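A.B. asks: Handing you a structure now.
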Amino acid sequence: MMLAARHNHLFAAIISLTVISIAAAFGWKGNTNDWFMETSGDAGLVLTDLALTGHKRTAENDILAVLDVDSGMPLLSIDLGQLQAKVEALPWVKQADISRILPGGLSIQITERIPYALSQRDGRVVLIDRQGMEITDRGLSAFSDLMLVVGTVSPAELGLLQTQKAKAPQLADRVQSAIRVGNRRWDVIFDNGIRVKLPADDAKPYGIAEAWDKFIELDRSQQLLEREVSVIDMRQADKLIVRVTPLGRRQMSGKEWVL
């Protein structure tokens, strides 16, 4: 009996959908929409089941609050695009895929943002994803191990930095902060305090990509990050300027030396 009733509901729903499609095609207006919603409800197309998946950092109560849907409301009266916009406005949500599951289900599949770095700009620190999108400014202590990006940075500039870091994961893991200088180039600071000055991103023929490749090779062969230095200036293609630490000064003469 239950199976037969379910088939009857679906048959009625198909008839209702056919009628409203014809009405839309011929431009019928008036109370057609109200009639259709009432008919679809009588056919059993009402919200009875809500499935939320993919949310880990987003509280279920926060999702339900922005959805503002109730059990028993006509399923076809729910504006999926509007719901999607509301859910995607939540801090951790990158994408929300929402669909109706006839006869009474609503499925919401969430893709959350992945924390990439802390961003400091205009005296404010926030958590960002790989695209530079702000996630939250709360609970940042849980992400203190992430790189700190300082300054105004576009998604393209952040992506370029990510590309260079990916060339040498062993070095990338040691990057503590990246400072945007003059909206043109990066200073990269490692976990031992050593600052590496890189040239402008788009400088030709020697830009950030060429300088980073050179740094990777020098660190491999000369163990630069293990030496008593405070600054490694990679901005010039024909020379490397290294500033030593106070201990380094005691170990060698001069405050700077050029390789």
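A.B. asks: Name the residue that is surrounded by the fewest Cβ atoms within 10 Å (Cβ to Cβ), counting only residues in the stretch 238-259 that are at pLDDT 80 or above and of a type in the set (A, V, I, L, M).
C.D. replies: Top of the filtered list is 241.
A.B. asks: Another question, then. For the condition outside the structural domain of residue 90 (by TED's automatic domain parsing), surrounded by 14 or more Cβ atoms within 10 Å (Cβ to Cβ) and more than 21 Å from residue 195 (Cα to Cα), what is the one hit in 128, 108?
C.D. replies: Exactly one residue qualifies, and that residue is 128.
A.B. asks: Moving to a separate point now. Filter the stretch 214-237 down to the residues that are part of a loop (DSSP other than H, G, I, E, B) and at pLDDT 95 or above and list them by number.
C.D. replies: Those that are part of a loop (DSSP other than H, G, I, E, B) and at pLDDT 95 or above: 234, 235, 236, 237.
A.B. asks: Looking at residue 198, is it crowded, with 19+ Cβ neighbours inside 10 Å, touching a strand residue (DSSP E or B) at 6+ places or on another chain (Cβ under 7 Å) and at pLDDT 95 or above?
C.D. replies: The answer is yes for residue 198.
A.B. asks: Let me ask you something else. Which condition number does residue 29 fail, the rest of (1) at pLDDT below 50; (2) in a strand (DSSP E or B) being met?
C.D. replies: Tallying (1) at pLDDT below 50; (2) in a strand (DSSP E or B), residue 29 fails exactly one: (2).
A.B. asks: Out of the residues in the stretch 49-68 that are in a loop (DSSP other than H, G, I, E, B), in contact with a strand residue (DSSP E or B) (Cβ under 7 Å, 6 or more places away or on another chain) and on the phi < 0 side of the Ramachandran plot, which is surrounded by the fewest Cβ atoms within 10 Å (Cβ to Cβ)?
C.D. replies: Within the stretch 49-68, the match that is surrounded by the fewest Cβ atoms within 10 Å (Cβ to Cβ) is 56.
The values are calculated or read from the model by the stated rules, or taken from the named source; none is laboratory data. Note that this is a predicted model, so its numbers are computed, not measured. FYI the Cβ positions are ideal-geometry reconstructions off the backbone, even for glycines, and counts take in every protein chain you see.
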